[in-house]
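Trainee: Take this structure first; my questions come after.
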Amino acid sequence: MNDPDKQDTATLHVNERSPANRTPSAEERAWEERTLAPTLAKSPERHAEFTTISGHPVRRLYTEADLSAWNPEIDLGYPGAPPYTRGIHSTMHRGRLWTMRQFAGFGAAEDTNQRFRYLLTQGQTGLSTAFDLPTLMGYDSDHPLSEGEVGKCGVAISSLADMEVLFDQIPLADVTTSMTINSPAAVIWAMYLAVAEKQGADWKKISGTLQNDILKEYIAQKEYIYPPEPSMRLVMDTFEFAVKQTPRFNPISISGYHIREAGSTAIQELAFTLRDGMEYVEWALRRGMNIDDFGPLLSFFFNAHSDFFEEIAKYRAARRIWHKAMTERYGSKNPRSWALRFHSQTAGCSLTAQQPFNNVVRTALQALSAVLGGTQSLHTNSLDEAWALPTEFAATIALRTQQIIAHETGVTNTVDPLGGSYFVEALTNEVEAGAWDYIRKIDSMGGMVAAIERSYPQREIAEASYRYQMELDKKEKIMVGVNDFVSSEKPLEILQIDETVAHRQAERLRKLRAERSQDQVNRALAALRNASRGKDNLMPAIYASVKAYATLGEICDVMRDVFGTYEEVAIT
Amino acid sequence: MPEKRIRVLIAKPGLDGHDRGAKVIARALRDAGMEVIYTGLRQTPEMIASAAVQEDVDVIGLSILSGAHNTLCPQLMSLLREKGMDDVTVVVGGIIPGADIPALKQAGIAEIFLPGTSTQAIVDFIQKKRAHHERA
């Protein structure tokens, strides 16, 4: 890494597990002399140095010498028990397979409702909602800035009326739903809870996940509305509300996925995500919440990228770090707070527009790493997603990929099949140590919000992403079909979203505004404005506004007025 | 006389915040000796056209991944014409379905760079295009 900040920390952590302290056995040294040396003399290796896709060095051979300070009883343990290296459940996928949760959303609510119902009939076990950009940014479909974007990257949801259509004939009491929404998460969640209430589903029993991870928006995905302080307040409001009202609903999915998509390394993804998690914990503790009330509701979301073993090491290290943080750093007493649960999604940025059918293979291998790494839930990308949102044909193959891994490969027959591999254990140690270096660095800056304000994680990611692009340009790293093995192919049939969605949405909004009680809307929004200025939990006022059919844009505008908006310092 | 440096405005129009590509291209063009101004996120076509005039750029590079290109590109091109910026070279990088490319070129977009394009290919295109322009 070229950044001087990083070089400081690299020397901070001289780990006794590091390769510098490696002492090979007499047998290993003898093998090097008698067997290896003559081979190298005759035919040198393909590269002088081998590295993971993140640039992390990988040695020729891993042996017991790489695990000299590693104690399997302490560092590995047993599944379902601290430090959870081998997984968070004692029987893992023998007991229960992961949730196959395909992210879907496009067009208007009725279009996505149809796709949801199709996926459920095909054996999918959970729902996951993608919202369009206007919804993610808290604008109604008929806002001038929404022009050209309605229903394109996800489903357009502007009010409770749209949400009712989205989940029409889908029993929220039985299905778990994940919603990828961040800045306006509290509002969209209130809409979901209102639909659940209308269906007669018990809030104490409904289950699902709200992404609601604003920190990674500032770091990577950039769909923020308000400044960090009021944004974090909204997150804390949802934590409190979940603890009291929806004890089985995860109010947050602390996400590395987008950090990785923005170009980070695996270690950066791990470190920034877990340090984000610690930031949420610290804000909640400052709010006066009890660690073991909200700890069990925290969930995580990682990228399943292409470097197979590095990814597996990342998931294993993630569980070990989180256990350490929750017990040693925050003094949690409840084991349910210690176990890091995570969703994973195969890497969108690894998909190629060229020779798109190769993406099925990439996705299968990435998904396999997530399964071997002990995932609780998985989304597999579709082959056409470098071009557009997936067609039903492509989405079905993606789901079938998971079913093949689950039912044909046999990898689910035993828990943590790679446990004890010299390479996987050594890499798990190295990835963990690298992540702690970053975590300490961010601690020294005063925490993640402070680090974000200094653009520290943003800069580290931009640096890594540029380095990788240069490696591709110089063919030091190969992407099949892109910078090598190039061939021509016929264009794919892709999903097109036309502008009639925007017109349908505009018409629906016009009708909604004409038919609802404007008085009730005004009163609800005035109460929200008042509450926003104070310190009370905003969920009740947001819920009342949603129930009055105030639109997403109207509700977010009230908070824009009170909280202001965030502009980042653009770095290149 | 030193050669005049090519001035480039890199812009992210629309609501999308995925700026990995825009940032990589900005840096690659700068490393190739161009002067690069990056607008930051969520620029309307009006903001981009005004910035282009104000910064007197030779090239505008738009990064669009959200599917909003058919709306945003023609808007920007007509604003540039209104402002008399007909000679600025506008290129687009991002996820653009093949079926949309002819209409975008018709609207005046000089080139569309799809995912997987090397940064060198973009540098070469811009240098060639502007050299041709200077001679013309």
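Trainee: Taking B:Thr71 as meeting all but one of (1) away from chain A (no Cβ under 12 Å); (2) free of Cβ contacts under 8 Å to residues at least 24 places away in the same chain, write down the number of the exception.
Mentor: For B:Thr71, the failing item is (1).
Trainee: Kindly establish whether B:Val57 is under 19 Å from B:Ile126 (Cα atoms), more than 12 Å from chain A (Cβ to nearest Cβ) and either of a type in the set (Val, Ile, Thr) or in contact with a Ser or Thr (Cβ under 6 Å, 6 or more places away or on another chain) (or both).
Mentor: yes
Trainee: Residue by residue through the stretch A:34-57, note down the ones that are assigned to a loop (DSSP other than H, G, I, E, B) and either over 33 Å from the mean Cα position of the chain (by Cα) or touching a residue at least 40 places away in the same chain (Cβ under 8 Å) (or both).
Mentor: Answer for the stretch A:34-57, where residues must be assigned to a loop (DSSP other than H, G, I, E, B) and either over 33 Å from the mean Cα position of the chain (by Cα) or touching a residue at least 40 places away in the same chain (Cβ under 8 Å) (or both): A:Ser43, A:Pro44, A:Glu45, A:Arg46, A:His47, A:Ala48, A:Thr52, A:Ile53, A:Ser54, A:Gly55, A:His56.
Trainee: Out of all the residues in the stretch B:105-113, is one or more more than 12 Å from every other protein chain (Cβ to nearest Cβ), of a type in the set (A, V, I, L, M), crowded, with 21+ Cβ neighbours inside 10 Å and part of a loop (DSSP other than H, G, I, E, B)?
Mentor: Yes, that holds for at least one residue.
Trainee: B:Asp31: free of Cβ contacts under 8 Å to residues at least 24 places away in the same chain, on the phi < 0 side of the Ramachandran plot and out of contact with any Ser or Thr (no Cβ under 6 Å at 6 or more places or on another chain), yes or no?
Mentor: Taking the combined requirement at face value, the residue satisfies it.
Trainee: Inspect the stretch A:247-269 for any residue being over 18 Å from the mean Cα position of the chain (by Cα), more than 14 Å from chain B (Cβ to nearest Cβ) and assigned to a helix (DSSP H, G or I) and give the result as yes or no.
Mentor: As a first pass, look at the stretch A:247-269 and keep what is over 18 Å from the mean Cα position of the chain (by Cα): A:247-248.
Retained after the next criterion (residues that are more than 14 Å from chain B (Cβ to nearest Cβ)): A:247-248.
So of that shortlist, the ones also assigned to a helix (DSSP H, G or I) come out as none.
For the stretch A:247-269, residues over 18 Å from the mean Cα position of the chain (by Cα), more than 14 Å from chain B (Cβ to nearest Cβ) and assigned to a helix (DSSP H, G or I): absent.
Trainee: Being more than 14 Å from chain B (Cβ to nearest Cβ), touching a Ser or Thr at 6+ places or on another chain (Cβ under 7 Å) and buried (at least 21 other Cβ atoms within 10 Å of the Cβ) is the filter; apply it to the stretch A:117-142 and report the residue that is farthest from A:Ala190 (Cα to Cα).
Mentor: A:Gly126
Trainee: Still on this structure, I have one more. Which number in (1) more than 12 Å from chain A (Cβ to nearest Cβ); (2) more than 12 Å from the chain's Cα centre (by Cα); (3) under 23 Å from A:Asp132 (Cα atoms) marks the one condition that B:Leu62 misses?
Mentor: Condition (2) is where B:Leu62 drops out.
Trainee: Does A:Ala156 qualify as being within 30 Å of A:Val411 (Cβ to Cβ) and either hydrophobic (A, V, I, L, M, F, W, C) or surrounded by fewer than 22 Cβ atoms within 10 Å (Cβ to Cβ) (or both)?
Mentor: So A:Ala156 fails the test.
Trainee: Continuing with the same structure: When you look at A:Glu223, is it surrounded by fewer than 23 Cβ atoms within 10 Å (Cβ to Cβ) and of a type in the set (Asp, Glu), yes or no?
Mentor: Taking the combined requirement at face value, the residue does not satisfy it.
Trainee: Determine whether the stretch B:10-26 contains at least one residue that is surrounded by fewer than 23 Cβ atoms within 10 Å (Cβ to Cβ), touching a strand residue (DSSP E or B) at 6+ places or on another chain (Cβ under 7 Å), at pLDDT below 95 and at the interface with chain A (Cβ under 9 Å from one of its Cβ atoms).
Mentor: Within the stretch B:10-26 (the criterion being surrounded by fewer than 23 Cβ atoms within 10 Å (Cβ to Cβ), touching a strand residue (DSSP E or B) at 6+ places or on another chain (Cβ under 7 Å), at pLDDT below 95 and at the interface with chain A (Cβ under 9 Å from one of its Cβ atoms)), the answer is no, since none of the residues qualifies.
Trainee: Of the residues A:Lys324, A:Lys333, which is more than 30 Å from A:Leu399 (Cα to Cα), at pLDDT 95 or above and assigned to a loop (DSSP other than H, G, I, E, B)?
Mentor: Going through A:Lys324, A:Lys333 in turn, the sole match is A:Lys333.
Trainee: Is it the case that A:Phe309 is assigned to a strand (DSSP E or B), surrounded by 17 or more Cβ atoms within 10 Å (Cβ to Cβ) and not charged (D, E, K, R)?
Mentor: no
Trainee: Residue pairs, Cβ under 7 Å, 6 or more apart or interchain, first in the stretch B:115-130 and facing chain A (nearest Cβ under 7 Å), second assigned to a helix (DSSP H, G or I) and among the acidic types (Asp, Glu). List them.
Mentor: So the pair list comes out as B:Ser118/A:Asp473; B:Thr119/A:Asp473; B:Gln120/A:Asp473.
Trainee: If you don't mind, another one. I need a count of the residues in the stretch A:199-228 that are free of Cβ contacts under 8 Å to residues at least 40 places away in the same chain and within 20 Å of A:Arg287 (Cβ to Cβ).
Mentor: Qualifying residue count, the stretch A:199-228: 1.
Trainee: Check A:Val546, A:Val501, A:Val482 and return the single one that is touching a residue at least 40 places away in the same chain (Cβ under 8 Å) and closer than 30 Å to B:Val36 by Cβ.
Mentor: So the residue among A:Val546, A:Val501, A:Val482 that is touching a residue at least 40 places away in the same chain (Cβ under 8 Å) and closer than 30 Å to B:Val36 by Cβ is A:Val482.
The values are calculated or read from the model by the stated rules, or taken from the named source; none is laboratory data. This structure is a prediction, so every number in the text was calculated from the model and none was measured. Don't worry about glycine lacking a Cβ; one is built from the backbone with ideal geometry, like all the others, and counts go over all protein chains shown.
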